[in-house]
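S.K.: Let me give you the structure first, and then I'll get to my questions.
No lab work stands behind these numbers, since they all come straight from the coordinates. As the structure is a prediction and not an experimental result, all values here were calculated from the model. A quick note on method: Cβ atoms are made from the backbone with ideal geometry, for glycine too, and the neighbour counts reach across all protein chains shown.
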């Protein structure tokens with residue numbers, strides 16, 4: 001179906017807003033490169049919430065997310081003198097985030113020393129007994145959100161980050177590809193496999 005003038009206008013408006021936001025970020029980052037702390041504080045205010053949210057969803061731990069997010073902005077500050085606006089600012093920022101999150105995720109994987117018994121105990125403590133409870137709609141919605149978060153957390157790290165950036169940050173395929181160092185077709189393939197895995201993991205809820 002051909003696009004109507006309204007569709008074109010809407011797309012142009014959206015593109016213009018994104019371009020304006022990126023121009024502001026780039027201008028601030030260039031001022032940070034000159035050592036301007038006020039510009040750095042503005043960048044933190046603009047992006048801190050999104051970075052903490054992304055890290056939290058990647059690691060499944062809100063307390064760790066703030067520490068990692070702080071490291072992201074420390075690295076951003078240190079890299080400012082070498083910054084060149086060759087891509088969108090958010091691509092640069094989320095590439096730093098990717099590196100730190102992947103390193104932390106791998107460090108945690110190596111550090112796991114729990115026995116199967118301990119993990120089973122934790123599971124029983126955290127999992128509600130569906131047979132003896134009749135949760136209301138609010139509890140069901142919360143349970144579903146937790147199930148979705150857990151299903152995403154169980155994805156391989158590249159699939160997980162691709163899903164988070166696409167689903168929660170609304171990033172286009174091309175930008176996600178640059179952040180993950182993959183082709184656009186590879187990103188689409190990663191997302192396709194991730195969605196298939198998520199559907200299988202959440203089949204119980206989809207049937208309900």
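S.K.: Percent relative contact order of the range 1-109, based on C-alpha pairs within less than 8 angstrom and at least six residues apart? Walk me through the numbers before you get to the answer.
M.R.: Details: 66 pairs, mean separation 31.1, N = 109.
Contact order relative to length: 29 percent.
S.K.: Need one number: nm distance between label points at residue 66 and residue 38, each 7 Å from Cα along Cα→Cβ, rounded to one decimal.
M.R.: 2.8 nm
S.K.: Sticking with this one: How big is the Cα convex hull of the range 137-208 in projection, averaged over all directions, in nm²?
M.R.: Working: hull surface 19.6 nm².
Here the figure is 4.9 nm², rounded to one decimal.
S.K.: Quick check: the distance between the Cα centres of the range 33-96 and the range 152-186, to the nearest angstrom?
M.R.: Rounded to whole Å, the Cα centres lie 18 Å apart.
S.K.: Using a 10 Å cut-off around each Cβ, can you sort 144, 206 from fewest to most neighbouring Cβ atoms? Walk me through the numbers on the way to the answer.
M.R.: Values: 144 13, 206 10.
Ascending Cβ contact count within 10 Å gives the list 206, 144.
S.K.: Over all pairs of distinct alpha carbons, what does the Kirkwood formula give as the hydrodynamic radius of the range 1-109, in Å?
M.R.: Details: mean 1/r = 0.0652 Å⁻¹.
Hydrodynamic radius (Kirkwood, Cα pairs) of the range 1-109 is 15.3 Å.
S.K.: Next up: Sort the following peptides by mean Cβ neighbour count (other Cβ atoms within 10 Å, averaged over residues), highest first: 70-81, 150-161.
M.R.: Numbers: 70-81: 16.0, 150-161: 17.8.
Peptide ranking by packing, descending: 150-161, 70-81.
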